Amino acid sequence: MVLAGGWISIAQAAQPISGRWFTEDGKAIVQIGPCGKAVCGRISKVIKPTPGAPQNDAYNPDKKLRSRSIEGLTILTDFNDAGDLWKGQIYDPQSGKTYASKLTRNANGTLKVQGCIAFFCKTQTWTIAR
């Protein structure tokens, strides 16, 4: 669009991601919503615990945090609208590692969740929990 001899760009906002989401494997529900000036998400319910796996944050690199329950654990932090997607960080309690992350609301209502190291990303598709 041209106006008064200059270009005006129309900023595109990312689709809203707040709500309750089933993880790809259906093992948990993650509640996503405002968290200060950003958006974050926590495991609100473990539906199918992995047999033999710890039910606490056993692999956290900070030994003081290892007794925290998986249920209630914040795994999505500092997400901000980056145009057509959300950027922040995702924590994997199964490894104790935190990754750069991108979240995108798809046209079919699913949520594309990516955790990345440099250019290598692992992608999951989460579905809305009603």
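Read-outs: derived from the displayed coordinates by stated rules, not from any lab. All figures in this text were calculated on a predicted structure; none of them were measured in a lab. When we count neighbours, we look across all protein chains shown, and the Cβ atoms used for this are built from the backbone with ideal geometry, even at glycine.
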### Query
Per-residue HN-Hα couplings for segment 122-128, Karplus 6.51 cos²θ - 1.76 cosθ + 1.60 at θ = phi - 60°, whole Hz, x for Gly and Pro?
10, 10, 10, 10, 9, 10, 5
### Whole-Hz couplings from phi, Karplus 6.51/-1.76/1.60, listed for segment 37-43; x for Gly and Pro
8, 10, 10, 9, x, 10, 6
#### Entry: Calculated from backbone phi, Karplus (6.51, -1.76, 1.60) coupling profile of segment 85-100 in Hz, x at Gly/Pro
8, 10, 10, x, 9, 10, 9, 9, x, 6, 10, x, 10, 10, 10, 4
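Would you tally the net charge around Thr104, using a Cβ to Cβ cut-off of less than 9 Å, leaving Thr104 out, and scoring K and R as +1, D and E as -1? Walk me through the numbers before you get to the answer.
Details: positive: Lys102, Arg105, Lys112; negative: Asp84.
Every neighbour counted, the sum reads +2.
Tell me, Tyr91, Tyr59, Tyr99 in order of fewest to most beta-carbon neighbours within 10 Å?
Numbers: Tyr91 19, Tyr59 13, Tyr99 16.
In increasing order of surrounding Cβ atoms, one gets Tyr59, Tyr99, Tyr91.
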### Query
Given the options Phe79, Phe22, Phe119, which has the most mean-square fluctuation in a GNM of the chain, springs set between C-alpha atoms less than 10 angstrom apart?
Phe119
### Query
What lysines could a cross-link reach from Lys48, if we take a straight Cα to Cα line under 29 Å and drop same-chain neighbours fewer than 8 places away?
Lys27, Lys63, Lys64, Lys87, Lys97, Lys102, Lys112, Lys122
### Query
When the distances between all Cα atoms of segment 10-104 are binned every 5 Å from zero, what whole-number percent does each bin get?
3, 13, 22, 24, 18, 11, 5, 2, 1, 0, 0
